[in-house]
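Encoded as structure tokens, the structure appears first; notes follow it.
FYI, it's all coordinate maths here, none of it is from the lab. All of these numbers come straight from a predicted model, not from anything done at the bench. Note that each Cβ is placed from the backbone with ideal geometry, even for glycine, and that neighbours are counted across all protein chains shown.
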Amino acid sequence: MMEVGIQETSGKELSDATRMQFEKGWLWEVVLSMGYGEKAAYRPGEIELDGIVGSPDGIRYDDPAELIPIVEEYKCTSYSPNKPITEHWRWMAQVKAYCEMVGATKCIFRVLHIREFVPVPKIWELVFSQRELDENWEALVNQAKTMGGD
């Protein structure tokens with residue numbers, strides 16, 4: 001019996017190594033949310049748009065007078081720190097969706113790469129065009145429809 005609410009879509013139980021990676025990711029998210037949440041970003045909770053729900057790790061405003069949101073996303077991964085963040089298409093689809101949901105075009109990734117013994121933190125700042133965001137959103141909405149969503 002699994003104590004966490006995650007399992008692979010194949011129906012197989014997760015390995016201990018995979019569960020540990022999720023735990024590291026959740027811990028990294030909590031630490032950054034506590035640290036940055038008080039100073040720069042806040043956790044908005046779940047956001048819904050067109051029947052699709054997302055929960056960005058953080059939202060911040062560089063200039064509160066302009067109220068232009070920036071999405072913050074925190075990842076802890078065993079992926080190589082040498083691979084460009086833009087090559088992680090699932091992460092890109094995820095943050096583009098968050099940007100669409102909150103009206104942002106910029107995302108800041110705070111990634112902790114743990115491959116061996118020395119963690120490698122990296123910060124990536126991405127700016128998307130509105131066209132990129134719209135195309136991504138359309139693909140997600142269409143996928144939701146094929147999966148039986150509204």
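Just grab the label-to-label distance for ALA93 and SER15, each label 7 Å out from Cα along the Cβ direction, in nm (one decimal).
Result: 2.3 nm between the two label points.
Starting with the fewest neighbours, write out TRP137, TRP89 ranked by other beta-carbon atoms found within 10 Å of each beta-carbon. Working shown, then result.
Values: TRP137 19, TRP89 8.
Least to most surrounded, the residues fall as TRP89, TRP137.
Enumerate the amide H contacts of ARG115 below 5 Å, restricted to partners 5 or more residues apart or on another chain; note that Pro and chain-start residues carry no placed amide H.
VAL120
Convert each backbone phi in segment 136-146 into a coupling constant with the Karplus relation 6.51 cos²θ - 1.76 cosθ + 1.60 (shift: θ = phi - 60°), then list the ³J(HN,Hα) values in order as whole Hz, x for Gly and Pro.
Values, residue by residue: 5, 5, 4, 4, 5, 5, 5, 5, 4, 5, 5 Hz.
Ordered by residue, what ³J(HN,Hα) values in Hz, to whole numbers, does segment 72-88 give under the Karplus form 6.51 cos²θ - 1.76 cosθ + 1.60, where θ = phi - 60° and Gly and Pro are x?
10, 10, 10, 9, 10, 9, 9, 5, 4, x, 7, 7, x, 4, 5, 7, 8
How large is ³J(HN,Hα), in whole Hz, for each residue of segment 46-55 in order, when computed from phi with the Karplus curve 6.51 cos²θ - 1.76 cosθ + 1.60 and θ = phi - 60°, using x for Gly and Pro?
6, 10, 10, 8, 6, x, 9, 10, x, 9
Among rounded, prolate and oblate, which fits segment 33-112 when a ≥ b ≥ c are the square roots of the eigenvalues of its C-alpha gyration tensor, a/c under 1.5 means rounded, and a/b larger than b/c means prolate? Mind showing how you got there, number by number?
On the way: a/c = 1.74, a/b = 1.28, b/c = 1.36.
Here segment 33-112 falls in the oblate category.
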